[in-house]
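Here's the structure we're looking at; comments come further down.
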Amino acid sequence: MNANPATPLLDTVSTPDDLRRLKPAQLRQLADELRTEMISAVGQTGGHLGSGLGVVELTVAIHYVFDTPVDRLIWDVGHQAYPHKILTGRRDRIRTLRQGGGLSGFTKRSESEYDPFGTAHSSTSISAALGFAMGSKIKGQPGRGIAVIGDGAMSAGMAYEAMNNAREAGNRLVVILNDNDMSIAPPVGGLSAYLARLVSSGQFLGLRELARKFARKLPRPLHLAAKKTDEFARGMAMGGTLFEELGFYYVGPIDGHDLDALVPVLENVRDAGEGPILVHVVTQKGKGYGPAESAADKYHGVQKFDVITGEQAKAPAGPPSYTGTFAKALVAEAEKDATICAITAAMPSGTGLDKFAQMFPERSFDVGIAEQHAVTFAAGLAAQGMRPFCAIYSTFLQRAFDQVVHDVAIQNLPVRFAIDRAGLVGADGATHAGSFDVTYLATLPNMVVMAAADEAELVHMVHTAAQYDAGPIAFRYPRGNGTGAALPETPELLEIGKGRVVREGTKVALLSLGTRLGEALKAADHLEAKGLSTTVADLRFAKPLDTDLIRRLMLSHEVVVTVEEGSIGGLGAHVLTMASDEGLTDAGLKIRTMRLPDTFQDHDKPETQYDEAGLNAPQIVDTVLKALRHNSAGVN
Ligand code: TPP
């Protein structure tokens, strides 16, 4: 097994105050030990690796130069913050990352005063840093807002909305653009090309120009002057950049692994009287760990791995993943239909659309981290007679809600939403849980909302969505492996708004939406064993509801329980509304709704999360029995 590495200098540093007591000459060794420690920890836990490795020196330099936590440091996305966690009092828990009760894989306010802002969805850091900067300015307190944002995250509109507003923060706002020329996949679009041009052909200025640029004198001219000019070639280029047009001083590009350059530059940034300042730092994703450096995705996210060989633990063999099944089904549809196209927002491999892109490059679009644009772009394609599939994780589609309402639903445009990672997601925790999509979509007029109970159902749903031109249609499916259901040779065209009865009974009816169907069937077995004849229906559609089926079951059963892996306001709410609209409860029918709890569930093993959510078979059985006890006791 991976042994913990020897880290004599790092052992003396548990907070940034300890770090600031070191001499500049010691920082290189500290960074090396920090990198080794991070590799060792992630080898044991799995998680995000490449991004953190790329910012080891940057993390050391920022905490060395700035006055954290008074200066508020915000890591965009937060997946690169593991070295930051190690240096800010959390080293003793670093090997609990992403495990139940352990450290979060992102930054989290409740975890540390050094995490002033929770992150996980990208491109929020500049807005938040600006809020901190303005707040401390108005209150007359010390403190800057420092945002560290990747070139991938820089593709989202929110970053520009924030920069467009930043001028009044003055030198209290510092943006550090961490440019590793990677998102999860290679970055896309004009901005990425622009940054590459800045890096490769930037006009590098010497120290005198640098001194002139900053209003105040350089605090450590000797230190700076001692640097070799060619090393400092990546020093400071300025003039006419996009960022300057937006009101920033642009400083860079700087080699983000060269502490001798980083520290003095950041000191100058810290002491400059003007601002806001954007420091363009060039780093390498996966830096310092061979297997990561040579991996195509730079080991963005990894399973546990052997530090020596870099070999990752194999995910347990099992049925094909939902994502893979979706991608195959979509490719099959697109082979028959040249109007089918696919859109991802920076998640080609996560959504499986990389497979689609290989087959149909001209009909495949990776728009970068830009979910809002992805949705409206899909709406435009649909209005032009194309059949767009917009594949976005449930949690990231939240960001494009207005586009779903205003650009898609109101205009009744046939955009197909493939909603991956619907439901609980395990180690990524609350920020990534796909809890709300049924709630936020099924509330919209015109929208059709389906949930796949297994991978065969998913294939039918992809086919049904491809054929459906009457308006927007969404289908959701979870993270991970399917159930092993046999895949159909020919997909079925599902009748819109019709569910299916999977098991027929007489006393109890379980109405399931999506992948809790397996648990509902298990519960039915238990109930049957107790003499309670149980019907199980897979409703398939949260919208439109199969009102005929639901009405029939309500009129012929004593207890009806809805089961879904989604928030309050989803299927259960729609079924209750229908029942009350039609007066179906007036005769004493018992209805119960089972759904995710009204809390943000922390990261944990999926099994534990389901137990905590109360969505396993035993809890379904309990809910039914309680409802029946109420019946016989005449309560309610
Ligand atoms: N969409 C949103 C709104 N948030 C996300 N976190 C993601 C998608 C998924 N995601 C996590 S990290 C990442 C993406 C797409 C890439 C970020 O690239 P970059 O900002 O360059 O940071 P790097 O990983 O290269 O350090």
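Charged side chains reduced to their Cβ positions (Lys and Arg at +1, Asp and Glu at -1) give the chain a dipole of some 1240 debye around its Cα centre.
In summary, segment 425-516 shows an alpha-carbon radius of gyration equal to 1.19 times the 2.2 N^0.38 Å reference for compact globular proteins.
Note on the chain: with neighbouring protein chains present and a 1.4 Å probe, carbon and sulfur make up 53 percent of its accessible heavy-atom surface.
Sorted from greatest to least, the principal axis extents spanned by the alpha carbons of segment 120-160 come out as 34, 16, 15 Å.
Of the residues N481, T464, L493, the one whose Cα sits farthest towards the positive end of the charge dipole of segment 404-532 is N481 (charges of +1 on Lys and Arg Cβ, -1 on Asp and Glu Cβ, taken about the Cα centre).
For segment 6-48, what value does the Rg/Rh ratio take when both radii are computed over Cα atoms and Rh is the Kirkwood radius, given to two decimals?
Using Cα coordinates only, the ratio equals 1.03.
Report P(r) for segment 311-458: all Cα-Cα distances, bin width 5 Å, range 0 to the bin holding the largest distance, values in whole percent. Reading the bins upward from 0: 2, 10, 18, 23, 22, 15, 6, 2, 1, 0. Within segment 9-65, the trypsin sites (Lys or Arg not before Pro) that combine a DSSP coil assignment with at most 16 other C-beta atoms in a 10 angstrom radius are R21. Restricting to the chain, compute how many DSSP beta bridges are antiparallel as a %, nearest 5. Rounded to the nearest five, the antiparallel share is 15 percent.
Which residue, chosen from A25, G78, N4, occupies the Cα position most advanced towards the positive end of the dipole of segment 1-79, where the dipole is computed from +1 (Lys, Arg) and -1 (Asp, Glu) charges on Cβ about the Cα centre? The Cα lying farthest towards the positive end belongs to A25. The charge dipole of segment 275-401, taken about its Cα centre with unit charges on the Cβ of Lys, Arg, Asp and Glu (plus for the first two, minus for the last two), comes to roughly 160 debye. Listed by chain and number, the aspartates and glutamates placed with their C-alpha closer than 18 angstrom to that of K530 are E504, E519, E558, D622; residues fewer than eight positions away on the same chain are left out. Taking 7 Å steps out from each Cα toward its Cβ at E558 and L487 produces label points 4.4 nm apart.
Seen from all directions on average, the chain presents a Cα convex hull projection of 30.7 nm².
Roughly how compact is segment 495-636, stated as its Cα Rg over 2.2 N^0.38 Å to two decimals?
Against the compact-globule rule of thumb, the ratio is 0.99.
Restriction of the trypsin sites (Lys or Arg not before Pro) in segment 41-135 to DSSP coil positions whose beta-carbon has at most 16 other beta-carbons within 10 angstrom yields R109.
Per-residue extension of 0.36 nm, minus the Cα-Cα distance of T15 and E168, leaves a gain of 51.9 nm for this segment.
So with the 1.4 Å probe, I'd like the accessible area per residue for the chain, rounded to whole Å².
Numbers: 24640 Å² over 636 residues.
For the chain, the solvent-accessible area averages 39 Å² per residue.
In order along segment 90-101, phi translates into HN-Hα couplings of 10, 4, 5, 10, 5, 8, 9, 3, 6, 9, x, x Hz, rounded to whole numbers, per the Karplus curve 6.51 cos²θ - 1.76 cosθ + 1.60 with θ = phi - 60° and x for Gly and Pro. Loop-located GluC sites (Glu not before Pro) in segment 529-592 (DSSP state not H, G, I, E or B) with no more than 15 neighbouring Cβ atoms inside 10 Å: E582.
In segment 82-185, a dipole from Cβ-located charges (positive for Lys and Arg, negative for Asp and Glu) runs towards its positive end, and of G143, S122, A166 it is G143 whose Cα lies farthest in that direction. Placing +1 on the Cβ of every Lys and Arg and -1 on the Cβ of every Asp and Glu, with nothing else charged, gives segment 240-340 a dipole about its Cα centre of roughly 600 debye.
The values are calculated or read from the model by the stated rules, or taken from the named source; none is laboratory data. Note that the structure is a prediction, hence the values are computed from the model and not measured. No Cβ is skipped: glycine too gets one built from the backbone with ideal geometry, and neighbour counts run over all protein chains shown. Please note that ligands, DNA and RNA were not included when accessible areas were found on the heavy atoms of the full protein model with its side chains. Shrake-Rupley method; radii C 1.70, N 1.55, O 1.52, S 1.80 Å.
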